[in-house]
Each structure stands twice: as structure tokens, then as C-alpha cells.
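So the structure is just underneath, and the comments pick up after that.
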């Protein structure tokens, strides 16, 4: 049976000389893997350049529950990007965000709120003229709402250390290393409060941004078993230096 659904590209691997296996987060079926054949052929209706990280798709697919590999009849762009594939900073962000999503989202079932958050965030990233330096941190922090481990924002002058293991701000710096220092903790508390546009005006030093970024990735590893060894993190840090 054929279904129409939107999708977000998370990853792809080469399957043969002309085919790909593409992991896509779909609106109707959650995370799914599709075998897409003949994408490098001259007469192919589905082209390989559709499957870059975070590309947004309109899909007509065959779906069989619990099947490892699904098949697609038609795939096309759902939104034509104006900058994301061509801007080095944005395309690097897309690779990083896609890797995080690939490792965190495993459910093969729909989650309308999560899908809409991702779809809208990607469109916003493409349209942004400023604020990309903080975008990925804002994205990581607020993604945790949908993944089930959103930090408790109990920051104050006394609760001034963010304890990654506890998922909240504490008065006394923990003995373990999974903690944000005071200055970075204050910035994180602001990001927890901010809306999508407010973070654009948040200015802080590169070393603070890197500390928050690294600790947010660590926060994910502590609260989601699938996250480890984010390969794109070092590239991201270099591009945004």
C-alpha cells in the first residue's frame, strides 16, 4: 500500500554502484530505512543529491510494519533551500545535527510534535541571516524536551552549577566532572528561557560556547544510550572558531 509522508534525511550509505540505503525520519512512520535504487543512473527519477543531511522530502512510499528496509516510489524536495547546502557554517551544522538525530531517534512510530519541531527548525536555519553561532546549542537544548530529558531550569545565584547527571542546577560543585562552570551555567539558563529568536542576540566568548556545546553532547551521552563518538563535533568546533 502506498502512503504519502514528509521526511527528514538523517543518513545514507552506499549500497551498490547505483543504489543507496537512506535513513529518514518520517512524519507517518518515525525512523525508517529505505533502499533507493538507481540514484546514479542517467534516467533515474530519484537523484542522489536529495539525500544530504537534513534535506526535507515529500515522499510516496510503500510501508510494511517491522520491515528493516522499506521502498519508495517517489521522492522530491519538500522545501527548496536557499542557503543551507551552500553556506559552509550551515551545512556543517546540518551534518552535526543529523548525526545527533541519527543516534538519538530510534522509534519506528510517529511523533508529530518532534517531527514538526525538527522540520520547522531546519527551515528556520536555512532562512537565518544571523544567530547561527548559537543555533546548534539552542537546538540541542530544546530537542531534549521531545527526547524526555529536558534540564530543570532552577538556576539562581546560589544554584549556579549545572550538574549534567542530575539534569539541573546545584549549589555546590559536584565532585564528578560532568558539570558546567558558573559562567557557562548562567548562559545555559538563559538559553533554556529563550525563544527561537532571542538566542540570536546572546553574546558570549568562544570558549564558553565550546564548553556548553561539549557538555551538551556529554549530557546526551549520559541520558541517551545511543549517543557516543559524535564524529562531526570536532569539525563543527573548527568551522565556528
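Name the residue, out of 96, 115, 55, that is out of contact with any strand residue (DSSP E or B) (no Cβ under 9 Å at 6 or more places or on another chain), crowded, with 19+ Cβ neighbours inside 10 Å and closer than 25 Å to residue 130 by Cα. Walk me through it before giving the result.
On the way: 115 fails: out of contact with any strand residue (DSSP E or B) (no Cβ under 9 Å at 6 or more places or on another chain); 55 fails: out of contact with any strand residue (DSSP E or B) (no Cβ under 9 Å at 6 or more places or on another chain).
Testing whether each residue is out of contact with any strand residue (DSSP E or B) (no Cβ under 9 Å at 6 or more places or on another chain), crowded, with 19+ Cβ neighbours inside 10 Å and closer than 25 Å to residue 130 by Cα leaves just 96.
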- Note on the structure: Just one listed residue, out of 114, 57, 2, 69, is in contact with a helix residue (DSSP H, G or I) (Cβ under 7 Å, 6 or more places away or on another chain), more than 30 Å from residue 215 (Cα to Cα) and either touching a residue at least 24 places away in the same chain (Cβ under 8 Å) or not assigned by TED's automatic domain parsing to the domain that holds residue 234 (or both), and it is 57
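Out of 80, 141, 61, report the one residue that is buried (at least 18 other Cβ atoms within 10 Å of the Cβ) and over 17 Å from the mean Cα position of the chain (by Cα).
Numbers: 80 fails: buried (at least 18 other Cβ atoms within 10 Å of the Cβ); 141 fails: over 17 Å from the mean Cα position of the chain (by Cα).
Just one listed residue meets the conditions, 61.
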- Message: Can you go through 167, 148 and tell me which one is loosely packed, with under 15 Cβ neighbours inside 10 Å and either at negative phi or not assigned by TED's automatic domain parsing to the domain that holds residue 29 (or both)?
- Response: 148
- Task: With the checklist (1) under 23 Å from the mean Cα position of the chain (by Cα); (2) over 23 Å from residue 118 (Cβ atoms) in hand, flag the one item residue 75 doesn't pass.
- Result: (2)
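Could you go through the stretch 11-30 and let me know if any residue there is under 27 Å from residue 235 (Cα atoms) and in a loop (DSSP other than H, G, I, E, B). Quick ask: steps written out before the conclusion?
First, the residues of the stretch 11-30 that are under 27 Å from residue 235 (Cα atoms): 11-15, 20-25.
The next check asks that each one be in a loop (DSSP other than H, G, I, E, B); those that pass are 15.
Yes, some residue in the stretch 11-30 is under 27 Å from residue 235 (Cα atoms) and in a loop (DSSP other than H, G, I, E, B).
Could you run through the stretch 192-229 and say how many residues are at pLDDT 90 or above and either in a helix (DSSP H, G or I) or outside the structural domain of residue 156 (by TED's automatic domain parsing) (or both)?
Residues of the stretch 192-229 at pLDDT 90 or above: 192, 207-224.
Narrowing the set further to residues that are either in a helix (DSSP H, G or I) or outside the structural domain of residue 156 (by TED's automatic domain parsing) (or both) leaves 192, 207-223.
Within the stretch 192-229, residues that are at pLDDT 90 or above and either in a helix (DSSP H, G or I) or outside the structural domain of residue 156 (by TED's automatic domain parsing) (or both) number 18.
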- Note on the structure: Of those in the stretch 30-52 that are under 20 Å from residue 119 (Cβ atoms) and out of contact with any strand residue (DSSP E or B) (no Cβ under 7 Å at 6 or more places or on another chain), the residue surrounded by the most Cβ atoms within 10 Å (Cβ to Cβ) is 30
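Tell me yes or no: at least one residue of the stretch 155-164 is surrounded by 17 or more Cβ atoms within 10 Å (Cβ to Cβ), in contact with a helix residue (DSSP H, G or I) (Cβ under 6 Å, 6 or more places away or on another chain) and closer than 21 Å to residue 121 by Cβ. Please lay out each step first, then the result.
First, the residues of the stretch 155-164 that are surrounded by 17 or more Cβ atoms within 10 Å (Cβ to Cβ): 155, 159-164.
Imposing the further condition that a residue be in contact with a helix residue (DSSP H, G or I) (Cβ under 6 Å, 6 or more places away or on another chain) reduces the set to 155, 160-162, 164.
Still in the running and closer than 21 Å to residue 121 by Cβ: none.
Scanning the stretch 155-164 turns up no residue that is surrounded by 17 or more Cβ atoms within 10 Å (Cβ to Cβ), in contact with a helix residue (DSSP H, G or I) (Cβ under 6 Å, 6 or more places away or on another chain) and closer than 21 Å to residue 121 by Cβ.
The values are calculated or read from the model by the stated rules, or taken from the named source; none is laboratory data. All values derive from a computational prediction rather than experimental measurement. Don't worry about glycine lacking a Cβ; one is built from the backbone with ideal geometry, like all the others, and counts go over all protein chains shown.
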